[in-house]
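Here the structure comes first, spelled out in structure tokens, and everything after it is commentary.
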Amino acid sequence: MPGFRLPRGGSRVDRTRPLRFSFDGAGIPGFAGDTIASALIAAGHTTVARSFKYHRPRGVFSAGSEEPSALVTLGRRGSVEPNAKATIIEAANGLVVRSQNAWPSVEHDLNAVNGWFSPFIAAGFYYKTFMGPGRRGWRLYEPSIRRAAGLGKASFAPDPDRTERAHAFCDVLVVGGGPAGISAALAAGQSGARVILCDENPVVGGALDLEDAIGEENANDWLFRATSALNALDNVRQLTRVSVYGYYDDNVLGAVERVAPADDAKTRQRHWRIEAKHVVLATGALERPFVFPGNDTPGVMLAGAALAYARRHGAAVGRNLVVFTNNDEGWRRAAALARSGVAVRAVVDPRREAPSTLAAELAETGAESLPGHVVTAISGRTALSSIRVEAFDLETNKASGAARGLRCDGLAVAAGWNPLIHLASQAGGPPEYDEAIHAFVPGTAREKWIAAGSMRGVFDAAAVAADGERAGAEAARACGFKADAAGKAPSITGADNLLPLFEIPAKGKAFVDLQNDVTASDVRLAQREGFESVEHLKRYTTLGMAADQGKTSNLNGLAILAKERGLPVPEVGTTRFRPPYNPVSLGALVGRARGAHLQPLRRTPLHDWHVKAGAEMMNVGLWQRPRVYARPGETVEQAYVREAKAVRTSVGITDVSTLGKIDVQGPDAATFLDRVYTNTFSTLPVGKARYGLMLRDDGFLFDDGTTWRLTENRYLMTTTTANAGPVMEHLEVLLAIAWPDLKVSLASVTDQWAGVAVAGPKSRDLLQKALDGIDVGDEGLPFMGVRTGRCAGVEAIVARLSFSGERAYEVYSGSNHALIVWEKLLEAGKEFSVEPYGLEALGALRIEKGHVTGAEINGRATVHDLGLQKMFSTKKHFVGRPLALRPALTDAGRKQLVGLKSLDGKPILGGAHLVAGAEAKEPGRSEGHVTAMCFSPRLDIYIALALLERGHVRHGETLYAADPLRGTHGPVEVVDPCFIDKDGSRMHG
Amino acid sequence: MAEALSALAGIAVSDGGGRVTLGEAPVRALVQVQAWPITAQAVTDALATLPLGEIPPIGKASDRGSYLVAYVAPGRFMVTGPDADLPTRLTDLIPASAGAVTDLSHGRAILSLEGEAAADVLQKCVALDLADAAFPVGRVAATMIHHIDVLMIRRRRTRFDLWVLRSLAEALAEWLLDAGLEEGISFRPR
């Protein structure tokens, strides 16, 4: 149990606010400001996780979002969040934390037997083993393999937590709140620019708290001074706990905020979409580890992380550390650790000589210097107990074999720096390798960004701050603000005398990618098998493909591959970076658009009435419309048959407000309509309506509707519900681009007018009672006539139109008055037993009459197919005409509209195919399909409409409606699509 | 005068504190006036003869008393006012050769978001910069909130009007009331 809480210290914790959370059921003490990782370390936990494939024990490796090992599952039921990084999750009272991928416990995991099979389950094993028998074999093995490996489990329960989305705008966005970012934000902010400063951590400062000085000034003093100045600027907005994950076109960036834990916090995460005129990328650099045998043992961690836990959280990672490094900064960190109260017994360094002043400083703490040595082995499985150190020959690059054991409970590794170039690479050219620091730095910029600080390879703290100031000023100037030139950009001067040693040659399992369990030998195996390119290496071994995206492993894997191929690293190249930088939950992308808010609900003016009346509502696009008004005990079919019968025998009313309505006005309105419809509208008299068909440019039917001429220059066009928007767009495009000289104005009035269809033999009688100022007699309001008057004291337009095939009218009134009109119609209709009817009845009525809807106007049907060729004008030109005349579109063999009668008393399923074969097993080819079906209230049988090859000449044939998916195959008779009242006498009166 | 049913009749009054309030500005008359490209000036001149206030430049709205004129697209003016016969007066004023007048009094609802946190709540919903300098008082923009087209007008520093299709008014109000939960939003029909 190596870790413990230091008696003092911890810049991020508040020791006056203790808390307690559970880890695998055990209570863990902590303070406000602790992360799960820092609290677990302080409480002495070593093993906190099990690895993906081999189920090896793992401990905390880092102190940030680059963490590969310490993944935990948070929360319970719907709030469960798997694969959360213990190193960034802030501890909160009562938080439930569980380990992953281990059974029965993370200390004793039975699946660790997987490790015994490791020679057989190296990288890409599933391409070479578990083959057969036949193709089915894989289906047997795959589920077991998946179960044996893996990380956290997600929940299928509804997530009760709230995630918000927000937009933010600024002149300069600074990504990263370390010394470079703070300096950039200050420089830009002081010029008057609107600045947003983002940082992943709960406070700004970055890695400055791991330094003692910045130039001549004490690091803490500098930080205090700089943040005070920042806080005083109203035009600088600091967003902490915000991780910028993606850099997109036009300087748009995506970020996710982990909202600070608070007892009453309603919101858990917030997604930010940020638009910046200019961006300063100051994202810093990550420490990288060595690759050596046993380097995944709990107790091995990054040196900067060990120091961070001591300084930020007052948590010592062990009582007896060894630092293993190849650069001067590693020595400084060793001394800093010792001063923080974490005992360091030795520093191991492959370089021939120790840096003299640093070694002397270290000797004062009692630690031993071991230059010219490397660590070649680890003892301890669930916790580090000792290491083996050997002399290292730089010439031969080999360990000498003369070994020493060192007892220790922690090994802090510091093998160099990887600038965090992800966002720069997402928004720019490929990364470039810099020999001076043996790492990749940003390439060219494609979007408007400037790189600053250690993310571009500048490492000295004072130089980093100066670089940030320069970048911030440059960004502000690019936005048009006056900001003084702050000197030349500091050049990259190297990385603390780094020796470019990535891997220690020694026997044993050495891990490159800890999260996906990829070893150094896996990398060499891939190269031997021909997967030589870095893109193939990645995909074959899965190196860098886990939730940490290879932040601590990519470059090491590249270096090993380069060595195998005998090439310098830059020639081997690197994979490109794609968003997101850190995993983004789907909830963050969805925000509040879930459940009832998935889509906005579009309501007719009578919506509440339908709902109160007990109608079953159904979704039609964004709208909701009543399906049936079922009485207690009625099935849907019984309800719509009753409603439709009421219409055919007496009168019914239905809400048709959802139909698209377009106000078409102007001196050229008539000309315009003639051009967009297949038939003529310029000849339509004022006070009359006409049914019209519209084609697409390619000659197929687009939409149908009636258009009413209200005045000389004013028409009211109706469209189908679904095509209201598309028709409006179609017309606007024509006016804007094809015919800009036409004086035509368009306005969507779908919402302006509520529409009620009043249909049935008693419809005229009902309206006579309900309307004022309109003569609804056959002479006053003939078939297809339009008149204005009043209903219940409000303005109404009444047209005599019929979709149902009965005598029928449509009453339009202003939407705010819809309810009064509807109630008046019901009242006036009481003596005629008026019934409200829904979509199903509407459908049954129109099917009986063979009137087409979007089910038949399906994008592949032509005017001729649907038997409407009389409406295809031969006297004028119109949109779609030329291509509609193509031989293939008028061919007699096409699918044409027919009616079907069920011959076996069973329903004909919509979508069923029409075939000649009587047996379901041998149906023969499909000759057409069913577009709509219902139980016919008039004929008392099941009927349907269908599109059938050469349908116009096949009336009387018997075919079969085949639906093998739903298991029906019933005989049907092909008939005329108009089942009743062929001469239309009921409509025309 | 027959009773007009508000599109927001189904939303309950609520009190969420005082930082932002959602309400409805009842529409007595809302009219679209569309000029043809070469007649835009003639229509502007005709509108100027009415007591509507100054006719604004494109992308802006200006109000005087209870009238508001917004110039929303080339040749397209939207006018609101308190008199129910405004559509008729405008139809009489503007000849068919100059432009088209369409009554939209029933077709649109006007939602009003007011309070010190109004811009913050709205900034969660729209991808337009709502800072005072970027979206000053009087600016008009056609934008989208949760798949719903809205015409947004900044009436005051702390008040935004949202013009929306009547059929989507309740859905928009529901969305805004949810978006404003963190700030503390109240609903008060005017």
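As a summary of the residue check, residue A:661 satisfies the conditions (1) among the basic types (Lys, Arg); (2) within 25 Å of residue A:821 (Cβ to Cβ); (3) surrounded by fewer than 18 Cβ atoms within 10 Å (Cβ to Cβ); (4) within 14 Å of another protein chain (Cβ to nearest Cβ) except for the one numbered (3).
Taking each residue of segment B:83-103 that is closer than 15 Å to residue B:29 by Cα and within 12 Å of chain A (Cβ to nearest Cβ) and looking for partners that are assigned to a loop (DSSP other than H, G, I, E, B) and not aliphatic (A, V, I, L, M) with beta-carbon atoms closer than 9 Å, six or more apart or interchain, yields B:84/B:28; B:84/B:105; B:87/B:105; B:102/A:752; B:103/A:752.
Could you go through segment A:428-435 and let me know if any residue there is of a type in the set (Gly, Ala, Ser) and either out of contact with any Lys or Arg (no Cβ under 8 Å at 6 or more places or on another chain) or within 25 Å of residue A:296 (Cβ to Cβ) (or both). If you could, list the steps in order and put the result at the bottom.
The initial filter retains those residues of segment A:428-435 that are of a type in the set (Gly, Ala, Ser), namely A:428-429.
Still in the running and either out of contact with any Lys or Arg (no Cβ under 8 Å at 6 or more places or on another chain) or within 25 Å of residue A:296 (Cβ to Cβ) (or both): none.
Scanning segment A:428-435 turns up no residue that is of a type in the set (Gly, Ala, Ser) and either out of contact with any Lys or Arg (no Cβ under 8 Å at 6 or more places or on another chain) or within 25 Å of residue A:296 (Cβ to Cβ) (or both).
Scanning for something buried (at least 17 other Cβ atoms within 10 Å of the Cβ), more than 23 Å from residue A:852 (Cα to Cα) and out of contact with any helix residue (DSSP H, G or I) (no Cβ under 6 Å at 6 or more places or on another chain), does segment A:939-962 turn up at least one residue? No, segment A:939-962 contains no residue that is buried (at least 17 other Cβ atoms within 10 Å of the Cβ), more than 23 Å from residue A:852 (Cα to Cα) and out of contact with any helix residue (DSSP H, G or I) (no Cβ under 6 Å at 6 or more places or on another chain).
Screening A:143, A:202, A:160 for residues that are within 30 Å of residue A:52 (Cα to Cα) and touching an Asp or Glu at 6+ places or on another chain (Cβ under 8 Å) leaves exactly one candidate, A:202.
Residue B:118 falls short on exactly one of the conditions (1) within 14 Å of another protein chain (Cβ to nearest Cβ); (2) surrounded by 15 or more Cβ atoms within 10 Å (Cβ to Cβ), and that condition is (1). When segment A:386-417 is limited to residues that are among the polar types (S, T, N, Q) and modelled with pLDDT under 95, the one that is farthest from residue A:549 (Cα to Cα) turns out to be A:400. Given the structure, is residue A:683 within 12 Å of chain B (Cβ to nearest Cβ), in a loop (DSSP other than H, G, I, E, B) and at pLDDT 95 or above? Judged against the criteria, residue A:683 is not a match. Out of segment A:567-599, which residues are farther than 25 Å from residue A:255 by Cα, more than 14 Å from chain B (Cβ to nearest Cβ) and assigned to a helix (DSSP H, G or I)? Passing the criteria: A:569, A:570, A:571, A:572.
Could you please let me know if residue A:761 is surrounded by fewer than 22 Cβ atoms within 10 Å (Cβ to Cβ), over 26 Å from residue A:604 (Cα atoms) and touching a residue at least 24 places away in the same chain (Cβ under 8 Å)? Before you say what the answer is, go through the steps one by one.
On the way: surrounded by fewer than 22 Cβ atoms within 10 Å (Cβ to Cβ): yes; over 26 Å from residue A:604 (Cα atoms): yes; touching a residue at least 24 places away in the same chain (Cβ under 8 Å): yes.
Criteria met by residue A:761.
Filtering segment B:80-110 to residues that are surrounded by fewer than 23 Cβ atoms within 10 Å (Cβ to Cβ) and hydrophobic (A, V, I, L, M, F, W, C) leaves B:84, B:86, B:93, B:94, B:96, B:98, B:110.
If you check A:516, A:556 for being assigned to a helix (DSSP H, G or I) and under 30 Å from residue A:241 (Cα atoms), only one passes: A:556.
Considering A:803, A:832, which residue is aromatic (Phe, Trp, Tyr) and over 25 Å from residue B:167 (Cβ atoms)? Explain how you work it out, then say what you get.
Numbers: A:803 fails: over 25 Å from residue B:167 (Cβ atoms).
Of A:803, A:832, the one residue that is aromatic (Phe, Trp, Tyr) and over 25 Å from residue B:167 (Cβ atoms) is A:832.
Quick one: which strands (runs of 3 or more DSSP E) sit completely within segment B:1-66 and have at least 2 residues that are at pLDDT below 90 and either more than 11 Å from chain A (Cβ to nearest Cβ) or within 21 Å of residue B:137 (Cα to Cα) (or both)? Correct list: B:61-64.
Examine segment A:744-765 for a residue that is more than 14 Å from chain B (Cβ to nearest Cβ) and over 30 Å from residue A:981 (Cα atoms), and state whether such a residue exists. So far as segment A:744-765 goes, no, none of its residues is more than 14 Å from chain B (Cβ to nearest Cβ) and over 30 Å from residue A:981 (Cα atoms).
Of all the criteria given as (1) over 17 Å from residue A:956 (Cα atoms); (2) without any contact (Cβ under 8 Å) to a residue 60 or more places away in the chain, the one not satisfied by residue A:915 is (1).
Need pairs with beta-carbon distance below 6 Å; first residue closer than 15 Å to residue A:118 by Cβ and within segment A:37-59, second part of a helix (DSSP H, G or I); sequence gap 6+ or separate chains. Here the result reads A:54/A:114; A:54/A:115; A:54/A:118; A:55/A:111; A:55/A:112; A:55/A:114, each pair linking segment A:37-59 to a residue that is part of a helix (DSSP H, G or I).
Scan segment B:154-181 for residues that are among the β-branched types (Val, Ile, Thr) and either within 7 Å of another protein chain (Cβ to nearest Cβ) or surrounded by 24 or more Cβ atoms within 10 Å (Cβ to Cβ) (or both) and the total you get is 1.
Select from segment A:790-811 the residues that are part of a strand (DSSP E or B), within 14 Å of another protein chain (Cβ to nearest Cβ) and free of Cβ contacts under 8 Å to residues at least 60 places away in the same chain and list them in ascending order.
From segment A:790-811, those part of a strand (DSSP E or B) are A:790-791, A:794-799, A:808-811; that's our starting set.
Adding the requirement that they be within 14 Å of another protein chain (Cβ to nearest Cβ) leaves A:790-791, A:794-797.
The answer is A:790, A:791, A:794, A:795, A:796.
Scanning segment A:697-739 for residues that are surrounded by fewer than 19 Cβ atoms within 10 Å (Cβ to Cβ), in contact with a helix residue (DSSP H, G or I) (Cβ under 8 Å, 6 or more places away or on another chain) and of a type in the set (D, E, K, R) turns up A:697, A:698.
The values are calculated or read from the model by the stated rules, or taken from the named source; none is laboratory data. What you see is a predicted model; the values in this text were computed from it and never measured. A quick note on method: Cβ atoms are made from the backbone with ideal geometry, for glycine too, and the neighbour counts reach across all protein chains shown.
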